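Data block below; observations after.
Just so it is clear, none of the values below were taken in a lab; they were calculated from the coordinates. Everything quoted here is computed from the prediction, not taken from an experiment. A quick note on method: Cβ atoms are made from the backbone with ideal geometry, for glycine too, and the neighbour counts reach across all protein chains shown.
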Amino acid sequence: MKPTHLIKPATTAFAALALIASATWTGAARADTDYVLNTASTGGTYHPVGTAISTLSKVKLLPKKKFSLTAVNSAGSGANVQALGAGTAQFAILQGLYGSYAATGTGPITEPQKNVRSITMLWQNVEQFVVAKSFAKTGTVADLVAMKGQTMALGKQNSGTLGSNKVLLAGLGIDIAKDYKLLYAGYGPSADAIANGQAAGGGIPSGPPTGAITKLFASNAGKVALLNVTDEEMAKMDGGRKLWTRYVIKAGTYPGQDKDVNTIAQPNFLAVNADVNEEHVYLLTKALYENLNFLQAIHKATKAMNIKSAVAGLPVPLHPGALRYYKEVGLAVPDHLMPK
């Protein structure tokens with residue numbers, strides 16, 4: 001693969017580490033390969049995690065292996081799929097659902113993107129369905145079916161939150177546009193709406209503990225409930241995508257939560273183009289898992305990373321370089337993730 005020109009990184013909060021990476025890059029030969037890693041806006045989690053991966057590559061791989069990644073901001077997963085297809089980025093962080101769209105040519109992606117491969121799960125979006133306690137009859141997402149006609153807070157208009165809630169609830173036979181009165185809002189306002197009775201419930205996918213839900217439970221003890229997802233419900237909601245996997249929100253995660261809540265989660269994952277050098281992808285995967293403390297010191301989202309869950313919920317086949325590393329460490333890889 002041809003080297004790309006160095007792209008000036010966006011300003012981040014990781015000045016000290018970025019300085020190290022910059023100094024390392026300055027001394028690199030022009031023949032070194034610098035790949036582009038698309039992230040998202042600087043205000044979310046994608047960009048700082050991407051910057052952590054970029055910094056790791058410049059510190060651990062560039063000096064001796066002569067390649068690195070540069071994180072750039074973008075409009076998010078949809079734009080990142082386009083960038084991979086156009087070759088303007090070689091690596092990208094994607095929401096699992098967009099990876100599934102890319103693989104199948106569904107949703108906002110008009111045709112299958114045969115170039116997209118996966119490297120690793122980075123962290124999970126945990127599905128958290130919160131309802132007023134009076135609606136929690138079964139304690140599972142079956143209650144959401146019984147809540148047709150109610151006002152529900154399922155995300156801002158045109159947001160990934162609204163999109164994933166739409167897909168999940170469709171699996172339960174719910175058309176959110178027809179069956180609910182939708183309140184379009186972010187996480188904080190959604191939780192406030194449930195607290196004051198403007199909304200009967202909501203879907204808030206995030207990494208627990210989520211601040212908005214913590215505040216809701218702290219100020220409304222005994223008045224709200226997190227719903228469980230049964231195995232049968234998980235299968236319906238996933239719809240055969242093999243994207244959502246089991247996740248347990250441990251008792252005590254939220255104020256007054258005295259029991260585990262069994263829910264589901266989809267991955268945010270590191271994607272790569274199929275034509276990227278196999279050795280480079282192998283070395284990057286190896287560097288990620290041999291330097292987790294380095295990543296976790298930069299951003300807490302990467303604390304979810306561990307080798308046992310590296311392939312959990314990945315929506316596209318692995319790159320051969322990543323598979324090579326996982327075979328070395330003895331990780332079982334499902335057949336549907338084998339490179340094609």
Between LYS178 and LYS223, how high is the FRET efficiency from 1/(1 + (r/R0)^6) when r is the Cβ-Cβ distance and R₀ = 30 Å? Nearest 0.05.
0.60
Per-residue counts of other Cβ atoms within 10 Å, averaged by peptide: what ranking do you get for 231-237, 209-215, highest first?
209-215, 231-237
Give me the three principal axis extents of the chain from the C-alpha atoms, as integers in angstrom, largest value leading.
65, 40, 36
Can you compute the helix-only [θ] at 222 nm over the chain? Use -39500 (n - 2.57) per DSSP H run of at least 4 residues, normalise by all residues, nearest 500 deg cm²/dmol.
-10500 deg cm²/dmol
Arrange the peptides 314-323, 54-63 so that the one whose residues have, on average, the most other Cβ atoms within 10 Å appears first.
314-323, 54-63
Within the stretch 53-67, whose backbone N sits under 16 Å from a point 7 Å along Cα→Cβ of GLU328?
57, 60-62, 64-67
What FRET efficiency do you get for GLU279 and GLN198 if R0 is 51 Å and r is their Cβ-Cβ distance, rounded to the nearest 0.05?
0.40
Pairs of Cα atoms under 8 Å, at least six residues apart: use those to get the relative contact order of the stretch 128-228, whole percent.
46 percent
Among 113-119, 46-52, 217-223, 238-244, the order from most to least packed when residues are scored by Cβ within 10 Å on average:
46-52, 113-119, 238-244, 217-223
Expected unfolding gain across LYS340-ASN293 under the 0.36 nm per residue rule, minus the alpha-carbon gap, is 13.7 nm
Could you grab the relative contact order for the chain? Cα pairs under 8 Å, six or more apart, rounded to a whole percent.
21 percent
